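Below: the structure, in structure tokens.
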Amino acid sequence: MPSAAKGYAAQSAQTPLAPFAFERRDVGPNDVAIEILYCGVCHSDLHTARGEWGGTLYPCVPGHEIVGRVTAVGDRVTRFEVGQLAGVGCMVGSCGTCPSCREGDEQYCETTGLVGTYNGADAVMGGHTYGGYSDHIVVDEHFVLSIGHDEADLAAVAPLLCAGITTYSPLKHWKVGPGQKVGIVGLGGLGHMGVKIAAAMGADVYVFSTSPGKREDAKRLGAKDLIVSKDAEAMAGHRDSFDFILNTVAASHDLDTYLTLLKRDGTMALVGVPETPHDPIEVGTLVFRRRALAGSLIGGIRETQEMLDFCRDHGITADIEMIDMDDIDNAYDRMVKSDVKYRFVIDMATLRQAA
Ligand code: NAP
Ligand code: ZN
């Protein structure tokens, strides 16, 4: 029997999020049902709820940084038991058989594409998937993660499910490690996780920011320094010196400014997905130093578990500001102004208590 669920949804790109009643599917043989305790607030939630990328299906219940407690498991579930802590990130399905899925890169599924935790096609209930701004969720075991952190840290673990893996995966892919100079562009939700993880991997980390006031935070998070991206002189001092730059900025901007800071053979990977295109890049900036401009999408399930374990072993969680469910539109407005230190997390008890 499907179960009644409570959530918060945007009914259109223009309307604020508001209470929304819907149904979750019955717990199938391979499914895990999770009572959601906390859900992080990703800039992708805002892009989607406000229709900035196009293609949003309404009503839209965002949220893909989900942590909570298992309340039921299907007959064939082997890795989870009732009462255990569990997490769900950005995906709840993929074809499972294409080369990318078989290699553990479900996010790059080549046939159906990944099934998003929200705004994806819901194969069981029909319509589209509803995300973590809700009281519970039912997910195939394959897409459920184990949480090894202390329960006291649970709210601060939630952002690892997207911001953590989206930064860990490219840092790992481009083999960031000791002796390397690594830049993180934008000190927001993704950026602050990128700093912590790259520093834990042993790199010398520098933050590029439009916010000079974030310098002390950048250092506290593990960076050597913060470079104000609008300060041309400070930027010029780092020309040809970076091995790798991870660009998390959520708005279109001039990429050449950063590409010129890469060494020969250096790479800048984009993870930010702005509403409008970036300025055109200068081809010469790439060819005269064999530099690369790349992109990266979240990370596979196996790698997400590896990231969670890495963060547990290195004592890494997110720096969070807890909000009530009905504060969400205010939180979105603050996120647009880069006024978040460094991830909003919704206390889902405030949704349960709401009438
Ligand atoms: P966020 O918390 O809002 O952080 C973005 C940061 O970018 C801001 O804090 C700000 O840092 C900087 N910034 C904002 N506007 C800027 C501008 N006009 N020029 C230069 N810098 C600016 O957002 P987030 O949750 O980290 O997400 C960042 C982006 O990644 C979003 O586009 C999101 O959709 C995308 N995303 C992609 C993936 C993926 O798999 N590729 C996964 C999750 C999210 P400073 O104050 O330091 O400048
Ligand atoms: Zn996200």
Any hit, segment 266-279, residues being surrounded by fewer than 17 Cβ atoms within 10 Å (Cβ to Cβ) and either in contact with a Pro (Cβ under 7 Å, 6 or more places away or on another chain) or part of a strand (DSSP E or B) (or both): no
Qualifying positions in segment 308-336 - under 24 Å from Ala9 (Cβ atoms) and outside any helix (DSSP H, G or I): Ile320, Glu321, Met322, Ile323, Asp324
Positions within segment 90-128 being of a type in the set (S, T, N, Q), in a loop (DSSP other than H, G, I, E, B) and in contact with a helix residue (DSSP H, G or I) (Cβ under 9 Å, 6 or more places away or on another chain), in sequence order: Ser94, Thr111, Thr117, Asn119
Evaluation of Met125 against (1) under 23 Å from Leu46 (Cα atoms); (2) in contact with a Pro (Cβ under 9 Å, 6 or more places away or on another chain) (one fails), failing number: (1)
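Take residues that are more than 15 Å from ligand 1 (Cβ to nearest atom) and of a type in the set (A, V, I, L, M, F, W, C) and tell me which of the helices (runs of 4 or more DSSP H) falling wholly in segment 135-225 contain 1 or more. Spell out how you get there, then give the answer.
On the way: elements: 154-157, 163-173, 189-200, 215-221.
It comes to 154-157, 189-200.
Residue-by-condition table, conditions (1) touching a helix residue (DSSP H, G or I) at 6+ places or on another chain (Cβ under 8 Å); (2) of a type outside the set (Gly, Ala, Ser); (3) within 16 Å of ligand 2 (Cβ to nearest atom):
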{"position": "Ser211", "(1), (2), (3)": "no, no, no"}
{"position": "Ala218", "(1), (2), (3)": "yes, no, no"}
{"position": "Ser229", "(1), (2), (3)": "yes, no, no"}
{"position": "Asp254", "(1), (2), (3)": "no, yes, no"}
Qualifying residue in segment 307-315 (condition: of a type in the set (A, V, I, L, M), more than 11 Å from ligand 1 (Cβ to nearest atom) and either modelled with pLDDT of 95 or more or in contact with a His (Cβ under 6 Å, 6 or more places away or on another chain) (or both)): yes
Failed condition for Ala33, given (1) modelled with pLDDT of 95 or more; (2) more than 15 Å from Ile137 (Cβ to Cβ): (2)
Residues of segment 17-56 that turn out to be touching a residue at least 60 places away in the same chain (Cβ under 8 Å), surrounded by fewer than 14 Cβ atoms within 10 Å (Cβ to Cβ) and within 22 Å of the chain's Cα centre (by Cα), as a count: 2
Unmet criterion (only one of (1) touching a Pro at 6+ places or on another chain (Cβ under 8 Å); (2) of a type in the set (Gly, Ala, Ser); (3) crowded, with 16+ Cβ neighbours inside 10 Å) for Ser252: (3)
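The values are calculated or read from the model by the stated rules, or taken from the named source; none is laboratory data. All of these numbers come straight from a predicted model, not from anything done at the bench. No Cβ is skipped: glycine too gets one built from the backbone with ideal geometry, and neighbour counts run over all protein chains shown.
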